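Here is the structure we will look at, set down as structure tokens.
The values are calculated or read from the model by the stated rules, or taken from the named source; none is laboratory data. Owing to the predicted nature of the structure, the values given are computational and were not obtained by experimental measurement. No Cβ is skipped: glycine too gets one built from the backbone with ideal geometry, and neighbour counts run over all protein chains shown. Surface accessibility is based on the protein's heavy atoms, side chains included, excluding ligands, DNA and RNA. Shrake-Rupley method; radii C 1.70, N 1.55, O 1.52, S 1.80 Å.
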Amino acid sequence: MPRQLQTAFAILYAGVLYGFIFLPVVVLVLFSFQDGTLPVPPLHGLTLHWYGEIFADRKLMAALGNSLLVAVISSAVACLLGFLAAYAFARYRLPASNLQRALIVAPMTVSTLIIALGLLSVFSRLDIQLSLWTVGAGHVVINLPLCFAIIYASMGAHQINIERAARDLGARDWQVMLLVTAPMLMPSILAAFFLSVTFSWDEFIIAFLLSRFDVTLPVEIWSMLRSGLDPKTNAIGSVVFLMSVVLLFMLELIVLRKSGKPS
Amino acid sequence: MTADVSIRNATKDFGSFRALNDVSLEISAGEFIVLLGPSGCGKTTLLSILGGFLEPTSGTVLIGGRDMTHVAAARRPTTTMFQDYALFPHMSLLDNVGFGLRMRGLARSERHRKALAHLDLVGLRMSASRKPHELSGGQRQRVALARALAVDPDVLLLDEPLGALDLKLRRQMQDELKAIQRRVGTTFVHVTHDQEEAMAIADRIVVMNQGRIEDIGLPTDIYMRPRSLFSAGFMGEANFLPARIIGAADGEVRVETALGEVLLPAAAFAAAVPPAGGRITLCIRPEHFRPAGGAEASVALGRASIIDSAFFGGHHRCHLRPEAAPDMILTAHLPQTAQPRTGDLIDLAVAAASVVALAEAPASTQGDPQ
Amino acid sequence: MTVTPLERAEQRKAWGFALPALVWTTAFFLFPFAYMAAISLWTRSGGKIVATWTLDNYAAFFGKSHLLKALLNSLEVTAIVTVISILLAYPLAWIIAERVPKRWQRMALIMAILPFWTSYVVRSYSWLLVLSKGGVVNQTLIWAGLVAEPLQLSASRTGTVIGFVHFFVMLLTLTIYANLVQLSPNYRRAAADLGASGLQTFRHVILPLTLPGIMVGAFLTFVLCIGDYITPQILGGNNELLLPQVIMLQLGRRADFPMAAALSLVLMAVVTLAYLFCARWLKMERT
């Protein structure tokens with residue numbers, strides 16, 4: 001094949017695939033502005049009506065708040081536990097550390113449906129009321145392996161002398177950790193945090209099975225789906241997508257840009 | 001501040017490997033001590049034991065007369081300057097140098113004043129607000145020094161601090177280290193594998209090998225009058241000449257070598273003169289060879305032919321084959337002005353006072369200088 | 001080796017740091033999982049779980065055709081999705097890695113996986129908008145005169161597969177691209193130098209070298225696909241149920257916890273088998 005034909009073919013192929021990848025998102029966002037009650041063609045006109053609708057919807061806004069709350073708190077806990085554990089395994093020698101590390105990352109390899117079912121059976125057996133707390137506990141379970149793995153991978157041997165120097169100059173353990181180790185690893189801690197927030201923000205199964213009265217946004221959207229196609233669902237879906245993208249760009253800007261600098 | 005250091009019978013095992021083998025060492029307050037040896041000789045292990053990063057398997061460490069063997073690094077009157085500098089990458093130079101003072105609860109203004117004074121000491125006052133990654137290797141090294149000195153330690157431990165610098169900068173930093181040490185008066189314990197660096201800065205050198213101390217003394221003594229074959233070979237090039245005692249009389253010792261019989265002063269012996277028949281090794285530095293018939297009391301070693309030579313600026317470095325022992329190859333430095341040619345015959349002699357006789361058989365017949 | 005006093009104190013600290021994570025994972029993952037495994041061997045009587053040990057739930061799984069059928073459906077759908085996704089994603093990853101200028105590659109990749117970050121629920125709903133009877137695709141086809149009646153795209157296996165393929169094409173593009181860019185261009189030069197044609201180079205050099213990346217992606221696809229409830233529930237309709245849907249049915253309508261637990265363990269066993277099958281390549285990736 002001549003090179004020009006190859007290039008044309010490559011452009012065509014990439015174009016079709018990008019089209020396929022973006023088709024649902026474009027349709028979602030486009031028909032969130034539909035001036036009508038059905039988010040399917042033809043497009044009758046553009047309106048912000050449905051956005052007004054969702055921001056006026058108390059339940060939906062409560063769910064959005066819940067989602068943010070659960071995402072931020074569970075990610076913070078996962079980051080803290082992950083950081084401490086990574087510190088222990090990177091800086092000290094513990095017996096059977098391979099096995100312990102395997103235990104901490106194990107939830108990453110198990111379907112969230114199974115994690116949720118296990119927690120549900122234990123909570124119901126112990127008569128623990130389902131709430132945002134139980135959802136958060138579940139989200140820590142799925143995010144802890146991720147945070148641990150990211151932070152553990154960024155703890156190199158070259159930082160050991162830096163921590164030693166701090167200790168040598170009189171810093172106590174908590175001071176070494178707070179003033180030296182954590183600031184030094186901030187890019188990867190932030191990366192773990194934002195990634196974790198993104199996952200928690202989108203997670204459905206655990207949030208669905210482990211919540212009762214207060215629900216997170218994906219669960220609320222799920223219950224909206226029962227009423228079929230609705231431009232209002234498009235609007236809230238677009239907002240969710242936008243927030244995920246914002247989180248991603250924050251990750252890209254704050255974390256990845258920073259870690260590219262020489263240190 | 002400053003303090004003396006006393007290491008008594010320190011041994012350190014890592015599993016079945018003995019990194020440090022029953023080492024005892026007395027360091028006086030204000031001294032600049034250099035621990036010198038090849039990698040794996042135990043010098044860094046000894047430094048880590050002084051700094052509190054390792055505990056000895058047995059033995060004790062006293063600093064300023066107090067037992068520090070099991071005291072954590074943070075509570076010792078020592079600070080360490082690390083090989084990779086270990087500067088805090090997220091802090092400015094001012095905060096780096098002020099860190100130890102902050103840990104000691106000093107108020108911010110006082111801390112900054114002292115940190116600035118120490119940055120001034122190493123000539124980096126103007127860069128106080130910069131971050132470590134903006135500095136060159138030599139500058140980072142100075143910050144590390146300032147940071148370690150800012151808390152006013154009794155003993156400063158330096159772990160190959162000049163290892164990462166290029167040769168020219170290294171020579172310059174050696175002078176600065178020495179000058180700063182004189183100014184602050186702190187006891188310095190400095191680890192290196194570079195014998196020139198050791199000679200340039202040390203009050204006393206401690207030569208280590210295989211977990212043991214081979215030799216301790218002034219740089220000139222270690223070089224001119226080494227007390228072990230290892231020490232002699234590590235400090236610089238040396239010819240090792242196996243010999244046997246014939247007899248001693250009137251402060252002179254007659255020995256037999258492959259190059260003939262030689263009469264040495266008893267002072268050439270580092271230890272007591274062994275009895276007749278005892279095997280010894282004569283150690284001769286290449287620059288100690290003299291043209292025969294010189295004014296000093298000299299020892300004639302017969303004639304030798306030049307195998308090859310190379311010009312080093314200050315001298316010609318020549319390999320020689322003695323006529324009396326054609327299997328042997330000697331290394332000699334001939335004067336700048338000499339014009340050695342392969343095949344030339346020269347009369348070998350050496351000043352009697354510069355020969356060192358060691359009561360050890362060499363591992364191989366030829367010296368293996370660094 | 002003797003333990004010195006300082007070392008012992010250090011060890012205690014290390015446990016202090018590791019313990020919170022270990023306790024959390026044990027309490028909220030390991031223990032619930034073990035409890036669920038136990039429940040799967042118990043039975044249900046009068047709406048309550050009774051702790052009598054039995055293999056009835058597993059026997060029922062293999063005995064009742066609709067449960068076994070759900071597993072087979074899941075395996076079929078997952079296999080179809082994995083194969084189609086790899087076939088679609090590989091050329092895209094190749095084009096991004098080889099044809100897009102270096103400075104635009106990162107952007108091209110971010111764009112290719114951007115919708116990856118829409119939430120599960122929203123993404124499936126979006127496909128419903130596209131695939132439903134009155135949706136974009138059917139309206140376009142009818143308008144173009146290609147079909148007279150709208151096609152049954154949603155509420156069918158086709159819908160489920162399209163929804164899944166969309167997600168996993170993005171995932172696989174990412175893993176395959178990561179593998180392609182780390183290949184030294186010298187491999188291709190060496191192969192060309194030795195007389196291999198472009199196709200031969202791909203077949204004998206590039207493909208074997210990117211196989212680990214493909215296998216990692218395929219394994220991830222398999223695991224995430226076979227355990228997903230949302231996509232088939234929204235896009236698949238009720239004609240054909242997949243295993244996660246059946247598990248959720250046990251929980252909801254029938255409140256049969258032991259049965260749901262047993263089915264979950266079957267699901268987990270299938271994933272473990274897939275892991276063992278892929279382990280060879282997954283390990284290679286790590287070294």
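Table for the structure above
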| quantity | calculated |
| --- | --- |
| Candidate set from region B:127-145 (those that are surrounded by fewer than 24 Cβ atoms within 10 Å (Cβ to Cβ) and among the small types (Gly, Ala, Ser)); member that is nearest to B:Leu177 (Cα to Cα) | B:Gly138 |
| Residue in region A:170-184 that is among the hydrophobic types (A, V, I, L, M, F, W, C) and within 22 Å of the chain's Cα centre (by Cα) present | yes |
| Hey, C:Leu87 open to solvent by less than 60 Å² (accessible area, probe 1.4 Å) and of a type in the set (A, V, I, L, M) or not | no |
| Total residues in region A:162-172, condition buried (at least 22 other Cβ atoms within 10 Å of the Cβ) and either within 18 Å of A:Ala85 (Cα to Cα) or in contact with a Gly (Cβ under 6 Å, 6 or more places away or on another chain) (or both) | 1 |
| Residue match in region B:19-33 (condition: free of Cβ contacts under 8 Å to residues at least 40 places away in the same chain and farther than 18 Å from B:Ile205 by Cβ) | no |
| Hey, A:Phe148 more than 28 Å from C:Tyr125 (Cβ to Cβ), facing another protein chain (nearest Cβ under 10 Å) and open to solvent by less than 10 Å² (accessible area, probe 1.4 Å) or not | yes |
| Check on C:Ile142, within 18 Å of the chain's Cα centre (by Cα) and either of a type in the set (Asp, Glu) or within 12 Å of chain A (Cβ to nearest Cβ) (or both) | no |
| Some residue of region C:162-172 being surrounded by fewer than 16 Cβ atoms within 10 Å (Cβ to Cβ), within 8 Å of another protein chain (Cβ to nearest Cβ) and touching a Leu at 6+ places or on another chain (Cβ under 8 Å) | no |
| All strands (runs of 3 or more DSSP E) inside region B:179-282 with 3 or more residues being open to solvent by 10 Å² or more (accessible area, probe 1.4 Å) | B:212-217, B:239-249, B:252-257, B:260-265 |
| Candidate set: region A:186-234, residues that are at pLDDT 90 or above and in a loop (DSSP other than H, G, I, E, B); chosen: the one farthest from the other protein chains (Cβ to nearest Cβ) | A:Asp214 |
| Matching residues in region A:67-99 - criterion: being of a type in the set (S, T, N, Q) and open to solvent by 20 Å² or more (accessible area, probe 1.4 Å) | A:Ser97, A:Asn98 |
| Single match in B:Arg104, B:Arg75 (criterion: out of contact with any helix residue (DSSP H, G or I) (no Cβ under 7 Å at 6 or more places or on another chain), at negative phi, of a type in the set (Lys, Arg) and free of Cβ contacts under 8 Å to residues at least 24 places away in the same chain) | B:Arg75 |
| Some residue of region C:167-190 being over 14 Å from the mean Cα position of the chain (by Cα), aliphatic (A, V, I, L, M) and at positive phi | no |
| Of all residues in region B:63-97 being more than 8 Å from every other protein chain (Cβ to nearest Cβ), part of a helix (DSSP H, G or I) and in contact with a Ser or Thr (Cβ under 9 Å, 6 or more places away or on another chain), the one that is surrounded by the fewest Cβ atoms within 10 Å (Cβ to Cβ) | B:Leu94 |
| Which listed residue is open to solvent by less than 30 Å² (accessible area, probe 1.4 Å) and facing chain B (nearest Cβ under 7 Å), from A:Gln175, A:Gln159 | A:Gln175 |
| Conditions (1) more than 28 Å from C:Leu180 (Cβ to Cβ); (2) in contact with a helix residue (DSSP H, G or I) (Cβ under 9 Å, 6 or more places away or on another chain); (3) more than 8 Å from chain A (Cβ to nearest Cβ); number of the one not met by C:Val122 | (3) |
| Qualifying residue in region C:184-196 (condition: surrounded by 15 or more Cβ atoms within 10 Å (Cβ to Cβ) and touching a Cys at 6+ places or on another chain (Cβ under 9 Å)) | no |
| Only one of A:Leu28, A:Leu64 that is crowded, with 17+ Cβ neighbours inside 10 Å, touching a residue at least 60 places away in the same chain (Cβ under 8 Å), at the interface with chain C (Cβ under 10 Å from one of its Cβ atoms) and under 25 Å from A:Leu247 (Cα atoms) | A:Leu28 |
| Wholly enclosed helices (runs of 4 or more DSSP H) of region C:146-253 bearing at least 2 residues out of contact with any Pro (no Cβ under 9 Å at 6 or more places or on another chain) and in contact (Cβ under 8 Å) with a residue 12 or more places away in the chain | C:157-181, C:185-193, C:207-226, C:230-235, C:243-252 |
| Options C:Ser74, C:Ser45; residue that is more than 7 Å from every other protein chain (Cβ to nearest Cβ) and either open to solvent by 60 Å² or more (accessible area, probe 1.4 Å) or among the hydrophobic types (A, V, I, L, M, F, W, C) (or both) | C:Ser45 |
| Unmet requirement for B:Arg170, which otherwise passes all of (1) in contact (Cβ under 8 Å) with a residue 24 or more places away in the chain; (2) open to solvent by less than 10 Å² (accessible area, probe 1.4 Å) | (2) |
| Looking only at region C:210-226, and only at residues there that are open to solvent by less than 30 Å² (accessible area, probe 1.4 Å) and within 14 Å of another protein chain (Cβ to nearest Cβ), the one that is nearest to C:Leu87 (Cα to Cα) | C:Thr221 |
| Residue that is touching a helix residue (DSSP H, G or I) at 6+ places or on another chain (Cβ under 8 Å) and within 12 Å of chain C (Cβ to nearest Cβ), where the choices are A:Thr112, A:Thr47 | A:Thr112 |
| Index of the failed condition, C:Tyr58 passing every other in (1) under 30 Å from C:Met170 (Cα atoms); (2) open to solvent by 40 Å² or more (accessible area, probe 1.4 Å); (3) touching a residue at least 60 places away in the same chain (Cβ under 8 Å) | (1) |
| Complete set of residues in region B:78-101 that are among the aromatic types (Phe, Trp, Tyr), within 31 Å of the chain's Cα centre (by Cα) and either on the phi < 0 side of the Ramachandran plot or not assigned by the TED database to the domain that holds B:Leu162 (or both) | B:Phe82, B:Phe88 |
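A quick yes/no check of all residues on (1) more than 10 Å from chain C (Cβ to nearest Cβ); (2) assigned to a helix (DSSP H, G or I); (3) of a type in the set (D, E, K, R); (4) closer than 30 Å to A:Met155 by Cα:
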residue: A:Phe83; (1), (2), (3), (4): no, yes, no, yes
residue: A:Pro95; (1), (2), (3), (4): no, no, no, yes
residue: A:Leu99; (1), (2), (3), (4): yes, yes, no, yes
residue: A:Leu103; (1), (2), (3), (4): no, yes, no, yes
residue: A:Ala106; (1), (2), (3), (4): no, yes, no, yes
residue: A:Ala116; (1), (2), (3), (4): no, yes, no, no
residue: A:Ile128; (1), (2), (3), (4): yes, no, no, no
residue: A:Thr134; (1), (2), (3), (4): no, yes, no, no
residue: A:Gly138; (1), (2), (3), (4): no, yes, no, yes
